[in-house]
1. Given 10 °C and 1.306 mPa s, compute D for region 1-86 with the Stokes-Einstein relation, Rh being the Kirkwood radius over Cα pairs; round to the nearest whole µm²/s.
2. Just to check I understand the Karplus step: with θ = phi - 60° and J = 6.51 cos²θ - 1.76 cosθ + 1.60, what whole-Hz values come out for region 61-77, glycine and proline as x?
3. Measure up LYS30/LYS72; LYS30/LYS109; LYS30/LYS98; LYS23/LYS72; LYS19/LYS72 against 26 Å on the Cα-Cα distance and list the ones that go over.
4. At 1.4 Å probe size, with every protein chain present, just tell me what the per residue accessible area of region 1-116 comes to in Å².
5. Compute the relative contact order of region 1-112 as a whole-number percentage, counting only Cα pairs closer than 8 Å that sit 6 or more residues apart in sequence.
6. Loop-only check: which trypsin sites (Lys or Arg not before Pro) in region 1-49 are DSSP coil with at most 10 other Cβ within 10 angstrom?
7. Carbon-plus-sulfur fraction of the accessible area of region 1-75, 1.4 Å probe, in percent?
8. How many nm separate the modelled label positions at ASN55 and ASP114, each set 7 Å beyond the Cα in the direction of the Cβ?
Amino acid sequence: ENGNPQAQYLAAGLFMEGKGVIKSMEQAEKYYLLAANSGLDVSIVKLCDIYDGSNRPEKAAQLLVELCEKYKELESSAIGFRLGRYYFTGHGDLDSNKLLGWGMMYRNKHNLGDNGILLLDKLKNEFYSHLIETKEPELLCQYFGYYYWKYMSKPEWTAMFHMDTDGE
């Protein structure tokens, strides 16, 4: 309990699976939380998955906000991407903030590899509509910067970009 976040993470997994111990989600959450409070990113992700899967999204959102404030480096990771997604969608008890959410996801898209890019692609139309309504020039530039990076920097996609600008 007073120590190694990796050991806490492993203990949580044992309690979750019931391997060598009596299966206990309460104990699993306890140890995941101990490890998460040390900034261990895999434990944070696992705990958010548990909260979201057990219909407690407000706990997941609160955890990410608190830990990103405590460990600033988490904002520049897959955790920052997830928090951005939570802000974008108004997850849990967070107020929806599409501008903040998109910015966090955009900055951290490479931390999730192709999954980050795919998620941005799924949300792009919703974000674009929001930008048009709010007329935020800085984020409008960021949005089109994303498209430039995605399409224009790859010659095989140049033709597709031109189709997108024609309204197709």
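The values are calculated or read from the model by the stated rules, or taken from the named source; none is laboratory data. This structure is a prediction, so every number in the text was calculated from the model and none was measured. A quick note on method: Cβ atoms are made from the backbone with ideal geometry, for glycine too, and the neighbour counts reach across all protein chains shown. What goes into the accessible areas is simple: the full protein's heavy atoms, side chains included, and nothing from ligands, DNA or RNA. Shrake-Rupley method; radii C 1.70, N 1.55, O 1.52, S 1.80 Å.
1. Result for D is 124 µm²/s.
2. The phi angles translate into 5, 4, 4, 5, 4, 4, 6, 5, 6, 6, 10, 4, 5, 5, 5, 9, 8 Hz.
3. Details: LYS30/LYS72 23 Å; LYS30/LYS109 30 Å; LYS30/LYS98 32 Å; LYS23/LYS72 34 Å; LYS19/LYS72 34 Å.
Beyond 26 Å between Cα atoms: LYS30/LYS109; LYS30/LYS98; LYS23/LYS72; LYS19/LYS72.
4. On the way: 6020 Å² over 116 residues.
I get 52 Å² per residue for region 1-116.
5. Numbers: 161 pairs, mean separation 18.7, N = 112.
Relative contact order here is 17 percent.
6. On the way: sites: LYS19, LYS23, LYS30, LYS46; in loops: LYS19, LYS23.
Taking region 1-49 and a limit of 10 other Cβ atoms within 10 Å, the loop trypsin sites (Lys or Arg not before Pro) found are LYS19.
7. Details: 2160 of 4230 Å².
Percent of accessible area from carbon and sulfur atoms in region 1-75: 51.
8. Each label point is offset 7 Å from its Cα along the Cβ direction, giving 3.5 nm.
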